[in-house]
Amino acid sequence: MRSSLGIILLAALALWAGRHAAAADLPAGSSPTGGPCVDVQVGNERVPDYDCINRQFRLQAEHAYAASPPPAAPIDTHSSSTAVGAANQAAAQQMMGSAFGKSAQPQRPAPPAFVPALPGTGAH
(Lines give C-alpha, C1' and ligand atoms only; values in the text may rest on other atoms or scores of the structure.)
Protein backbone atom coordinates (compact mmCIF):
# COMPACT_ATOMS: atom_id res chain seq x y z
CA MET A 1 0.00 0.00 0.00
CA ARG A 2 2.74 2.41 0.95
CA SER A 3 4.81 1.68 -2.15
CA SER A 4 1.83 2.18 -4.51
CA LEU A 5 1.07 5.54 -2.89
CA GLY A 6 4.72 6.52 -3.31
CA ILE A 7 4.66 5.51 -6.97
CA ILE A 8 1.49 7.53 -7.58
CA LEU A 9 2.96 10.59 -5.85
CA LEU A 10 6.23 10.22 -7.76
CA ALA A 11 4.34 9.94 -11.07
CA ALA A 12 2.22 13.01 -10.22
CA LEU A 13 5.35 14.98 -9.29
CA ALA A 14 7.04 13.95 -12.54
CA LEU A 15 4.00 15.02 -14.58
CA TRP A 16 3.79 18.32 -12.76
CA ALA A 17 7.51 19.04 -13.21
CA GLY A 18 7.40 18.04 -16.86
CA ARG A 19 4.41 20.25 -17.50
CA HIS A 20 6.00 23.33 -15.99
CA ALA A 21 9.38 22.69 -17.60
CA ALA A 22 7.89 22.58 -21.13
CA ALA A 23 8.66 25.34 -23.58
CA ALA A 24 6.51 28.46 -23.28
CA ASP A 25 5.99 28.99 -27.03
CA LEU A 26 3.54 26.28 -28.05
CA PRO A 27 1.22 26.34 -31.03
CA ALA A 28 -2.30 27.53 -30.29
CA GLY A 29 -4.66 24.79 -29.21
CA SER A 30 -1.98 22.57 -27.77
CA SER A 31 -0.86 21.66 -24.28
CA PRO A 32 2.74 21.28 -23.05
CA THR A 33 2.62 17.64 -24.11
CA GLY A 34 1.68 18.64 -27.68
CA GLY A 35 -1.94 17.50 -27.55
CA PRO A 36 -5.11 19.56 -27.44
CA CYS A 37 -6.40 21.20 -24.28
CA VAL A 38 -8.36 18.70 -22.21
CA ASP A 39 -11.30 19.41 -19.92
CA VAL A 40 -11.87 16.91 -17.13
CA GLN A 41 -15.31 16.05 -15.80
CA VAL A 42 -15.68 14.32 -12.45
CA GLY A 43 -19.29 13.58 -11.63
CA ASN A 44 -21.25 16.69 -12.57
CA GLU A 45 -18.30 19.07 -12.17
CA ARG A 46 -16.36 20.12 -15.27
CA VAL A 47 -12.79 21.39 -14.78
CA PRO A 48 -11.14 23.09 -17.77
CA ASP A 49 -7.37 23.25 -18.28
CA TYR A 50 -6.86 26.93 -17.45
CA ASP A 51 -3.12 26.85 -18.12
CA CYS A 52 -3.72 25.66 -21.67
CA ILE A 53 -6.47 28.22 -22.26
CA ASN A 54 -4.26 31.02 -20.92
CA ARG A 55 -1.42 29.95 -23.21
CA GLN A 56 -3.79 30.02 -26.19
CA PHE A 57 -4.94 33.54 -25.33
CA ARG A 58 -1.37 34.73 -24.75
CA LEU A 59 -0.17 33.32 -28.08
CA GLN A 60 -3.11 34.86 -29.94
CA ALA A 61 -2.45 38.23 -28.29
CA GLU A 62 1.27 38.05 -29.10
CA HIS A 63 0.49 37.14 -32.71
CA ALA A 64 -2.00 40.01 -33.06
CA TYR A 65 0.41 42.48 -31.43
CA ALA A 66 3.30 41.40 -33.68
CA ALA A 67 1.15 41.70 -36.82
CA SER A 68 0.17 45.34 -36.30
CA PRO A 69 2.12 48.38 -35.10
CA PRO A 70 1.03 49.92 -31.80
CA PRO A 71 -1.70 52.53 -32.30
CA ALA A 72 -0.81 56.19 -32.13
CA ALA A 73 -2.22 58.23 -29.28
CA PRO A 74 -5.51 59.84 -30.40
CA ILE A 75 -4.82 63.01 -28.43
CA ASP A 76 -1.41 64.51 -27.82
CA THR A 77 0.10 67.90 -26.97
CA HIS A 78 -0.29 69.10 -30.58
CA SER A 79 -4.03 68.36 -30.81
CA SER A 80 -6.48 71.20 -31.32
CA SER A 81 -8.50 72.46 -28.39
CA THR A 82 -11.73 71.11 -29.89
CA ALA A 83 -10.21 67.61 -30.20
CA VAL A 84 -9.04 67.73 -26.59
CA GLY A 85 -12.39 69.04 -25.37
CA ALA A 86 -11.05 72.27 -23.92
CA ALA A 87 -13.08 75.47 -24.14
CA ASN A 88 -12.19 77.86 -26.94
CA GLN A 89 -13.22 81.39 -27.76
CA ALA A 90 -15.35 80.56 -30.80
CA ALA A 91 -17.43 78.04 -28.86
CA ALA A 92 -17.87 80.49 -25.97
CA GLN A 93 -18.98 83.27 -28.33
CA GLN A 94 -21.50 80.95 -29.98
CA MET A 95 -22.95 79.92 -26.63
CA MET A 96 -23.02 83.39 -25.03
CA GLY A 97 -24.25 85.34 -28.06
CA SER A 98 -24.42 89.12 -27.56
CA ALA A 99 -23.80 88.62 -23.83
CA PHE A 100 -20.21 87.49 -24.51
CA GLY A 101 -17.90 89.59 -22.37
CA LYS A 102 -20.83 91.32 -20.60
CA SER A 103 -22.59 88.67 -18.55
CA ALA A 104 -21.90 85.30 -17.02
CA GLN A 105 -25.35 84.09 -18.07
CA PRO A 106 -25.68 82.62 -21.59
CA GLN A 107 -27.97 84.46 -23.96
CA ARG A 108 -31.40 82.95 -24.24
CA PRO A 109 -34.13 84.00 -26.66
CA ALA A 110 -36.99 86.02 -25.25
CA PRO A 111 -39.92 83.89 -24.14
CA PRO A 112 -42.61 83.73 -26.80
CA ALA A 113 -45.59 86.05 -26.43
CA PHE A 114 -48.85 84.30 -27.18
CA VAL A 115 -51.62 86.37 -28.64
CA PRO A 116 -55.16 85.00 -28.52
CA ALA A 117 -56.48 84.03 -31.94
CA LEU A 118 -59.96 85.49 -31.33
CA PRO A 119 -60.32 88.94 -29.80
CA GLY A 120 -62.12 89.13 -26.51
CA THR A 121 -61.75 85.48 -25.63
CA GLY A 122 -59.01 86.04 -23.07
CA ALA A 123 -59.27 85.18 -19.41
CA HIS A 124 -61.96 87.07 -17.44
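The values are calculated or read from the model by the stated rules, or taken from the named source; none is laboratory data. Values in this document were obtained by computation on a predicted structure and should not be read as measured data. Don't worry about glycine lacking a Cβ; one is built from the backbone with ideal geometry, like all the others, and counts go over all protein chains shown.
In table form, for the structure just shown:
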{"read-out": "Set Ala110, Ala86, Ala99, Ala64: member being loosely packed, with under 11 Cβ neighbours inside 10 Å, of a type in the set (A, V, I, L, M, F, W, C) and either on the phi > 0 side of the Ramachandran plot or more than 40 Å from the chain's Cα centre (by Cα) (or both)", "value": "Ala110"}
{"read-out": "Some residue of the range 38-50 being at pLDDT 85 or above and assigned to a helix (DSSP H, G or I)", "value": "yes"}
{"read-out": "Subset of the range 85-123 (residues that are modelled with pLDDT of 80 or more and of a type in the set (Val, Ile, Thr))", "value": "Val115"}
